[in-house]
Amino acid sequence: MKVKGIIFDLDGTLVNTIEDIAGAANTMFQQHGLPTHGIPYYLKWIGSGAVRFIQRALATEVEMDQLMKYVDEFKEIYSTNLHDKSRVYEGIPELLDELVRRDIKLSVLSNKPHLLTQKVSDYYLSGWPFDPVLGQRDEVPRKPDPAGAFEIAGKMKLAPESILFVGDSDNDILTARAAGMNPLGVTWGYGRLRSEPVEGMGQLIERPSELIPRIL
């Protein structure tokens with residue numbers, strides 16, 4: 001496999017963000033007198049965008065207008081607290097340095113809202129040339145739809161088969177397969193690829209240093 005570009009998932013793959021995400025959600029829920037939750041619950045609900053995340057965390061059904069108010073408040077709180085406890089995963093800086101030395105193009109595709117994806121990337125990943133960095137946008141279907149992956153391939157000017165798609169969840173594996181890219185699942189994030197394998201995902205990697213041998 002000749003890899004010329006890599007698309008990374010963000011949360012749970014490059015950056016461990018769950019504590020700040022959970023903190024923002026709990027702050028929002030507390031302000032409305034709603035039940036709060038521990039991190040293990042938020043780990044089960046994350047990965048399909050902010051709307052589904054808050055919808056899953058709510059104890060009761062609400063009208064869409066009210067749901068969107070909760071989502072907007074959560075995003076506003078999170079946007080001002082996104083670097084309180086988050087951190088880049090161990091081994092990721094060294095991996096990215098090596099990929100840059102090898103002239104491999106880097107990009108991010110996340111189901112996190114686009115503006116928040118850019119803010120997290122700007123804060124934690126500004127030392128590396130990620131281009132483009134795309135989050136979830138209203139006009140583009142979220143992962144596992146391959147639309148965002150195809151958009152990145154076009155911006156990179158690379159054929160899909162020369163791109164490796166790296167992520168911690170089934171959404172990432174399914175996106176890669178739908179786009180004709182090479183999937184690579186990681187075990188250190190929020191996903192459940194080890195306990196709930198996805199057909200065609202191949203062998204998982206346990207640490208970032210294991211990625212380089214896969215592309216040589």
Worksheet entry | Condition broken by PRO213, with the remaining ones in (1) closer than 23 Å to GLY91 by Cβ; (2) touching a residue at least 12 places away in the same chain (Cβ under 8 Å); (3) assigned to a helix (DSSP H, G or I) satisfied | (2)
Practice prompt. May I ask you to list the residues in the range 1-36 that are surrounded by 17 or more Cβ atoms within 10 Å (Cβ to Cβ) and either without any contact (Cβ under 8 Å) to a residue 24 or more places away in the chain or charged (D, E, K, R) (or both)?
Written response: LYS4, ASP9, ASP11, ASP20, ALA22, ASN26
Item to complete: Report yes if some residue within the range 112-129 is in contact with an Asp or Glu (Cβ under 6 Å, 6 or more places away or on another chain), within 28 Å of TYR41 (Cβ to Cβ) and of a type in the set (A, V, I, L, M, F, W, C); otherwise report no.
Response: no
Worksheet item: Considering LYS44, LYS2, which residue is closer than 30 Å to LEU99 by Cβ and at pLDDT below 95?
Response: LYS2
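Residue-by-condition table, conditions (1) under 13 Å from ILE6 (Cα atoms); (2) among the charged types (D, E, K, R); (3) out of contact with any Gly (no Cβ under 8 Å at 6 or more places or on another chain):
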position	(1), (2), (3)
ALA147	no, no, yes
MET156	yes, no, no
ALA159	yes, no, yes
SER169	no, no, no
LEU184	yes, no, no
TYR190	no, no, no
MET201	no, no, no
ILE205	no, no, no
SER209	no, no, no
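Scan the range 4-53 for residues that are more than 30 Å from SER162 (Cα to Cα), touching a Phe, Trp or Tyr at 6+ places or on another chain (Cβ under 7 Å) and part of a loop (DSSP other than H, G, I, E, B) and jot them down.
Going through the range 4-53, the residues more than 30 Å from SER162 (Cα to Cα) turn out to be 18-45, 50-53.
Subset that is touching a Phe, Trp or Tyr at 6+ places or on another chain (Cβ under 7 Å): 18, 20-22, 24-25, 28, 35-36, 43, 45, 50, 53.
Across the range 4-53, the qualifying residues are PRO35, THR36.
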Worksheet item: Which members of the range 152-182 meet the condition of being surrounded by fewer than 16 Cβ atoms within 10 Å (Cβ to Cβ) and under 20 Å from LEU14 (Cβ atoms)?
Response: LYS155
Worksheet item: Of everything in the range 73-111 that's of a type in the set (Asp, Glu), farther than 17 Å from THR17 by Cβ and loosely packed, with under 14 Cβ neighbours inside 10 Å, which residue is farthest from the chain's Cα centre (by Cα)?
Response: ASP103
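The values are calculated or read from the model by the stated rules, or taken from the named source; none is laboratory data. For clarity, every value in this text was computed on a predicted model and none was experimentally measured. With ideal geometry, Cβ positions are generated from the backbone for all residues, glycine too; neighbour counts draw on all protein chains shown.
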